[in-house]
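Here, each number is a calculation from the coordinates, and none is a lab measurement. All values reported here derive from a predicted model rather than from experimental measurement. Methodologically, a virtual Cβ is constructed for each residue, glycine included, from the backbone with ideal geometry; neighbour enumeration extends over all protein chains shown.
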Amino acid sequence: MSLFSIVFVIIMFILTAAFLSLAIAGVSFAPWVPTSKKDIQRIIDISQIKEGQIIYDLGCGIGTVVFEITKQLPVSAVGFERAWPLFLVCLWRKKLGAFKGTPNFEFGNFFKKDISKADIIYIFGMPDKILKKLKPKMEKELKKGTKVVSYVFPIEGWRESKIDKISGRPQIYLYIKE
């Protein structure tokens with residue numbers, strides 16, 4: 001077997017593994033569609049993040065929300081990501097950035113992680129996955145007063161504390177665990 005053939009097989013293996021990782025993550029909660037940077041300040045404003053709080057981004061992709069929040073505020077933000085190519089991008093970006101807060105990332109399925117320490121949860125997931133999988137987990141694990149910010153989609157059966165509406169931009173929903 002030639003060196004070219006070996007390199008080709010290795011590259012194809014890596015690409016296939018990356019594609020499968022992204023596909024599994026997309027099916028379990030949402031396909032990777034980054035939150036618009038134009039809307040991150042709106043997310044910060046609606047959630048009224050305060051110094052020292054802990055923010056969890058469930059399905060953080062390449063960490064856009066985590067990085068923008070920790071660049072602006074002295075908080076701890078944790079991004080959970082299941083697709084290893086996206087998780088590796090988060091780790092690489094963390095090494096290159098300067099932050100007021102602390103960005104952290106955890107690899108794995110956030111449905112199997114403890115989310116009870118969060119003061120604020122940020123989600124951008126598909127409505128059916130939120131309703132069937134995430135909503136029951138949050139109802140069980142989140143402490144009273146935890147804020148949940150949902151980008152684009154409302155959480156069926158929960159009453160919003162606030163909705164941020166701007167013409168031509170996605171809606172942002174704020175919920176507070178009672």
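Once the C-beta distance of Lys140 and Val33 is scaled by a Förster radius of 22 Å, the resulting FRET efficiency is 0.20 to the nearest 0.05. Farthest toward the positive end of the dipole of segment 110-159, out of Gly125, Trp158, Phe110, is the Cα of Phe110, where the dipole comes from beta carbon charges about the Cα centre. For the set Lys37/Lys144; Lys94/Lys165; Lys94/Lys137; Lys50/Lys95, the pairs lying more than 27 angstrom apart at their alpha carbons are Lys37/Lys144; Lys94/Lys165; Lys94/Lys137. For segment 99-139, the extents of the C-alpha atoms along the principal axes are 35, 19, 18 Å, listed from largest to smallest.
Going from the fewest other Cβ atoms within 10 Å to the most, the residues Arg82, Arg169, Arg42, Arg159 appear in the order Arg159, Arg169, Arg42, Arg82.
Checking a compactness column here: for segment 66-178, what do you get for Rg(Cα) / (2.2 N^0.38 Å), N being the number of residues? Kindly include the intermediate steps, with their values, before the conclusion.
Numbers: Rg = 14.7 Å, N = 113, 2.2 N^0.38 = 13.3 Å.
Working it through for segment 66-178, the quotient is 1.11.
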